[in-house]
Amino acid sequence: EERRTAFHRMALHSVLSADIFCAIHIQRVYRGYATRLRLKRSAQVIQRTWRSFHSNKWNQRLLSTTILLQSIVRRWQVARTLQRMNASATLIQNIVRGHTVRTKREYYVTKKNAYDLKVKSATVIQTAWRSYDCSMKYLNAKLDIIIV
């Protein structure tokens, strides 16, 4: 085919005048330039598309990694907050239970002390009454003996 193309050129060169040959040569050069320009633009479009795809893919990976990292950090923060809240609730429960036990103990101790005080008071009163009663019986018995 190259031979045929070369043969056609030679045939055209001998047949056509120099002006026509120059015009054909200029057209051939321009068509080659236009074709190379189209190919360059096509290559640029392909490269732009590939870079965009690759960049979007990288951005998607970056976004999913960022979301995963945020999820891990938030989970850790919530776990730490719940742990602190649980410790605080346990502390409050311990304080309330201790207060309740002390209050009940104090109530029962006070009640027992009051009961003991009543018992002691009653014992003192009974002892004083019995002493008085015995003294009176003794004096009455003594008086009865003297009067007879």
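The values are calculated or read from the model by the stated rules, or taken from the named source; none is laboratory data. This structure is a prediction, so every number in the text was calculated from the model and none was measured. Reconstructed Cβ throughout: ideal geometry from the backbone, glycine too, with neighbour counts over all protein chains shown. These accessible areas exclude ligands, DNA and RNA; they are computed on the full protein's heavy atoms, side chains included. Shrake-Rupley method; radii C 1.70, N 1.55, O 1.52, S 1.80 Å.
Details
- When only the Cβ of Lys, Arg, Asp and Glu is charged (+1, +1, -1, -1), the dipole of region 18-148 relative to its Cα centre reaches about 1180 debye.
- Remark: spin-label model distance ILE125-ASP144 equals 2.8 nm, labels positioned 7 Å along the Cα→Cβ axis.
- Largest first, the residues VAL119, VAL78 sort by 1.4 Å accessible area into VAL78, VAL119.
- When the residues ILE26, ILE20 are ordered by accessible surface, computed with a 1.4 Å probe over the protein chains alone, the sequence from largest down reads ILE26, ILE20.
- Residue-level accessible surface for LEU68, protein heavy atoms, 1.4 Å, Å²: 110 Å²
- Between helix 18-147 and the chain there is an angle of about 0 degrees, using the helix long axis and the longest principal axis of the Cα atoms.
- Between ALA89 and LEU68, the FRET efficiency from the beta-carbon distance, with R0 = 41 Å, is close to 0.85.
- Once the C-beta distance of TRP58 and LEU37 is scaled by a Förster radius of 41 Å, the resulting FRET efficiency is 0.85 to the nearest 0.05.
- Candidate values [x] 22.4, 73; [y] 15.6, 48; [z] 60.0, 194, label of the one derived for Rg and Dmax of the Cα atoms in Å: [z]
- Rounded to 10°, Cα long-axis angle of helix 2-15 versus longest principal axis of the chain: 50 degrees
- For region 51-128, the per residue solvent-accessible surface stands at 95 Å², with DNA, RNA and ligands left out and a 1.4 Å probe.
- Straight-distance candidates among the lysines for linking to LYS104, with alpha-carbon spacing under 24 Å and chain neighbours fewer than 8 residues away dropped: LYS112, LYS118, LYS120.
- Given their separation in residues at 0.36 nm each and the Cα-Cα distance between them, ASP19 and LYS111 gain 19.7 nm when the chain is fully extended.
- Exposure of ARG102 as accessible area (Å², to 10), given a probe of 1.4 Å and all protein chains: 150 Å²
- Label-point separation, THR100 to ALA79 (7 Å along Cα→Cβ), nm: 3.2 nm
- Ordered from highest to lowest accessible area with the whole protein assembly present and a 1.4 Å probe, ASP133, ASP19, ASP144 read as ASP19, ASP144, ASP133.
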